[in-house]
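First comes the structure, then the notes that go with it.
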Amino acid sequence: MAGMTEFLIVAPILPGKREEWRRMMREVTGPRYEEWADHHMRMGVSREVVWEQRLPVLDLAVVAIDGDDPQDILGKMTVSDKPFDVWFRDTIISVTGYLENAPEEIPAPTLVGKFEAGTQR
């Protein structure tokens, strides 16, 4: 889709917070899905895919976001006072520490490689 940007967030799940992380994801993909969908629309997100990556030394939250301006999305999330957004943001901060700093302090990831079938080098 023209104008869309892909954005990837990888954040550690803090020690002892994996169950809280899983509980939040069960909430937003279950009973609070409509609120999560509304949140995405208001933030300018057209697609989000969330993974949990378990490693021997830590667990990671891996989130791929498509939207018009992902950095703006993070800015909107940090200032919204809508009840769902506050709960979602506070839970993310509690579980990962991500979004605790101003969005300007969270650098965008640097794309260092990409493969797409059917494209030339």
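The values are calculated or read from the model by the stated rules, or taken from the named source; none is laboratory data. Just so it is clear, the model here is predicted, and its values are computed rather than measured. Heads up: the accessible areas ignore ligands, DNA and RNA and are worked out on the full protein's heavy atoms, side chains in. Shrake-Rupley method; radii C 1.70, N 1.55, O 1.52, S 1.80 Å.
With all protein chains kept in place, the per residue accessible area of region 1-97 amounts to 58 square angstrom at a probe of 1.4 angstrom. Cα extents for region 11-69 along the principal axes, largest to smallest and rounded to whole angstrom: 35, 26, 13.
Using a Gaussian network model of the chain in which every pair of alpha carbons under 10 angstrom is joined by a spring, one finds that among 12, 109, 56 the greatest mean-square fluctuation is at 56.
The string of couplings for region 16-33 from the Karplus curve (6.51, -1.76, 1.60, θ = phi - 60°) is x, 10, 4, 5, 4, 4, 5, 4, 4, 5, 5, 4, 6, 9, x, x, 9, 4 Hz, one whole number per residue in order, with x for Gly and Pro.
Helix-only arithmetic for the chain: the sum of -39500 (n - 2.57) across DSSP H runs with n ≥ 4, divided by the residue total, places the mean residue ellipticity at 222 nm at -12000 deg cm²/dmol. Here the chain has an Rg and Dmax of 15.0, 47 Å, counting Cα atoms alone. Once C-alpha pairs closer than 8 Å and six or more residues apart are averaged by separation and normalised to the residue number of the chain, the relative contact order reads 33 percent.
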